[in-house]
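Everything on this sheet refers to the single structure shown next.
The values are calculated or read from the model by the stated rules, or taken from the named source; none is laboratory data. Here the structure is a predicted model, which means the values were calculated and not measured. Using ideal geometry, Cβ is built from the backbone for each residue, glycine included, and neighbour counts are taken over all protein chains shown.
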Amino acid sequence: MKKYLNIKNIAIAVLAIIILLEVVNPGGVVPGRQIKIDGKKYEVIKHTIDTVEVEKVKVVTKKGKDIVHEVVDVDTLVLKELQSVDSLAILKDYLAKVTYKDTLRLPDDLGTVAVTDIIHKNRIESRTFDAKVKERTITETTIVKELPKNQVYFGFDGGFNKADVVSHVGTGVMLKTKKDKIYQLGVGVANRTTDGTNGALSPYIGAGVYWKIKLKK
C-alpha cells in the first residue's frame, strides 16, 4: 500500500478530482459551499473572477540639462598623464554621440519601461522613457441565495355545503421543512344534519404530508 502513497500519485489524484469537479460543476462552485455576509450564512450559487487588462503607453523625453548631475574637477596629476595620450582619439571620443538603450520589465508581467540615453561631449544630451504599463481591473462576483429554513404556518379552515350550510370549522398548523416537504396537523368540529333540521357537532383531528412537485417550464 505504501508504494502507491507517493507524491506523484497524490498529485495525479488531486488533479483528477479538480477535473471531475470542473466537469460536473462548471461554475466553479463547490456544491453546498456557504459564506457569511454580515454574520448571516448564504449558499454560493456562482463565483467568478474576471481580469481586464488595459495597456497604457506614455513617452517622456527630458533634456540633459534638466537631469540632476554633478561635475567633479579632474586632478592635475591625471591631466599630466593624459598629455602622452593620443589627443585626436580623445577628441573623437568626446565628440561622438553614444546611445544607450535598456528595457526594464516590471514584475508580475505588468509591462515594460524602455530607457534611451544619448551621451554627447561627456554629458547626457537627452533621456527618453517609453513606458508600456498594463492596468489591471479585477472584478469578483459572488451570487448567493438564502439557506433554506424551516417555516411554520398557522391558520383556519372551514367548509360549506347545501345540507349543513357550515360543514366544518377548524384550525391547524403546517411545517414546511428545509427540503420543501410540508407536514400538516389540524383540529376542529364537523357539523352533520341528522333529520334535515337538527344536527350534531363532532370534533376531529386531521394530519397530512405534502411533497413539492417540480414542473417543467
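The combined condition, being within 30 Å of I45 (Cα to Cα), touching a residue at least 60 places away in the same chain (Cβ under 8 Å) and surrounded by 10 or more Cβ atoms within 10 Å (Cβ to Cβ), is fulfilled by L147.
To keep it simple, each residue is scored yes or no on (1) aliphatic (A, V, I, L, M); (2) surrounded by fewer than 10 Cβ atoms within 10 Å (Cβ to Cβ); (3) part of a strand (DSSP E or B).
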| site | (1), (2), (3) |
| --- | --- |
| H168 | no, no, yes |
| V173 | yes, no, yes |
| R192 | no, no, yes |
| K217 | no, yes, no |
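For L110, the criteria (1) more than 29 Å from S202 (Cα to Cα); (2) out of contact with any Asp or Glu (no Cβ under 6 Å at 6 or more places or on another chain); (3) modelled with pLDDT of 90 or more hold in every case but one, which is (3). Across the range 132-144, a minimum of one residue is classified as surrounded by 10 or more Cβ atoms within 10 Å (Cβ to Cβ) and within 30 Å of K65 (Cα to Cα). Residues in the range 143-166 that are part of a strand (DSSP E or B) and either among the aliphatic types (A, V, I, L, M) or in contact with a Lys or Arg (Cβ under 6 Å, 6 or more places away or on another chain) (or both): I143, V144, Q151, V152, V165, V166. Selection of the range 23-76 for residues being surrounded by 10 or more Cβ atoms within 10 Å (Cβ to Cβ), on the phi > 0 side of the Ramachandran plot and at pLDDT 85 or above yields an empty set.
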